[in-house]
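Structure, as structure tokens:
The values are calculated or read from the model by the stated rules, or taken from the named source; none is laboratory data. Computed from a prediction, not measured in an experiment: that's the story for all the values here. Cβ sites come from the backbone with ideal geometry, for glycine too, and all protein chains shown count toward neighbours. These area figures cover heavy atoms from the full protein model, side chains too; ligands, DNA and RNA do not enter into them. Shrake-Rupley method; radii C 1.70, N 1.55, O 1.52, S 1.80 Å.
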Amino acid sequence: MNGSKIIVALDYADSTSALNLVNQLDSSLCKLKVGKELFTAAGPLLVEKLIAKNFQVFLDLKFHDIPNTVAKACKAASDLGVWMLNVHASGGLEMMQASKQAVDNSLNQPLLIAVTVLTSMNEVQFTRIGIEGSLENHVIRLAKLTKEAGLDGVVCSAGETFKLREELGSDFCLVTPGIRPEKVSLDDQKRVASPSIAIRQGSSYLVIGRPITQATHPIKVLMAINQEIQSASNS
Ligand code: C5P
């Protein structure tokens, strides 16, 4: 197990490409995120391989269904031995409570977090699905519901971190994507923060993909970001 706050996003189409990167990393310097594309292509076998290599795995499948179905999916993910998994908070209180119970009853008891509003949504799209009020208030409402259901935290953008930390207290886990070290390409991310800013604003873990996976020397970038986080945590 390691204390790194970096979760490397394995956004790959197949197991071979993912393992090629993972073999250049060090399990004491990061955790790994497996999302829908890679999991659909490579399945539980890859997750088991990553865990066998001593990596802590965040299974980012964002479950959203009726409470019984999501609870059973969470139990199956817990039994795989993952470190963290997630559901959609908009599935409701009952769905999140059932998921939390399933995770707590498992041997492994991973962290369970929720997605509030996808950061790909803007105010216009938000209104078109019929939700009234501001997007920001809805994020806070769903994050509070997540806490009420007993979950461990939420995924949030760096811009939401400060407010959520204020509203939800210091124990709540805030997992933040959209991180770009200074002088690195933004790719398709629009609202980004540097690792040190995200940590100072209250992020618990940073999800970082391309700045590490596309680097010439991924391990060097990983070490540099760990160093930046360490300095930000101490300042
Ligand atoms: O390569 P990059 O650092 O942009 O990758 C970020 C990762 O975080 C990707 O796996 C992406 O799907 C995920 N993510 C995100 N924004 C969110 C939620 C997840 O970028 N709001």
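Worth pointing out:
- Across ILE51, ILE66, ILE131, mean-square fluctuation computed from a Gaussian network of the chain (C-alpha pairs under 10 Å connected) peaks at ILE131.
- For region 6-234, the fraction of 1.4 Å probe accessible surface lying on carbon and sulfur atoms is 51 percent.
- Couplings for region 25-34, taken from phi via the Karplus curve 6.51 cos²θ - 1.76 cosθ + 1.60 with θ = phi - 60°, read 9, 9, 5, 8, 10, 6, 10, 10, 10, 10 Hz in order; Gly and Pro are left as x.
- Highest GNM mean-square fluctuation among GLN125, GLN56, GLN201, for the chain modelled with Cα contacts below 10 Å: GLN125.
- For GluC sites (Glu not before Pro), the sites in region 166-226 that DSSP calls loop and that have at most 13 other Cβ atoms within 10 Å are GLU182.
- Note, ³J(HN,Hα) from phi for region 202-213, Karplus 6.51, -1.76, 1.60, rounded to Hz, x at Gly and Pro: x, 5, 8, 9, 10, 8, 10, x, 4, x, 9, 5
- FRET efficiency, 1/(1 + (r/R0)^6) with R0 45 Å, evaluated for ILE66 and GLN230 via beta carbons: 0.55
- Each residue of region 105-121 was assigned a 3J(HN,Hα) from its phi angle through the Karplus expression (A = 6.51, B = -1.76, C = 1.60, θ = phi - 60°), giving 7, 7, 5, 7, 6, x, 5, 10, 10, 10, 8, 8, 10, 4, 6, 7, 7 Hz with x at Gly and Pro.
- Region 6-234, accessible area per residue, ligands and nucleic acids excluded (1.4 Å, Å²): 48 Å²
- Annotation for GLU166 and GLU182: the two label points, set 7 Å from Cα along the Cα-Cβ direction, are 2.6 nm apart.
- Space enclosed by the convex hull of the alpha-carbon atoms of region 6-234, per residue, Å³: 125 Å³
- Only helices enter the 222 nm calculation for the chain: every DSSP H run of n ≥ 4 contributes -39,500 (n - 2.57), and dividing by all residues gives -14000 deg cm²/dmol, rounded to 500.
- The Cα atoms of region 89-185 give a gyration tensor whose axes a ≥ b ≥ c have a/c of 1.5 or more with a/b no greater than b/c, which makes the shape oblate.
- In this structure LEU80 has an accessible area near 30 Å², from a 1.4 Å probe over the protein heavy atoms.
- Part-to-part distance (alpha-carbon centres) for region 1-68 and region 189-235, which is given in Å: 18 Å
- Hits among lysines - C-alpha to C-alpha of LYS53 under 23 Å, sequence gap 8 or more where chains match: LYS5, LYS31, LYS33, LYS36, LYS75, LYS220
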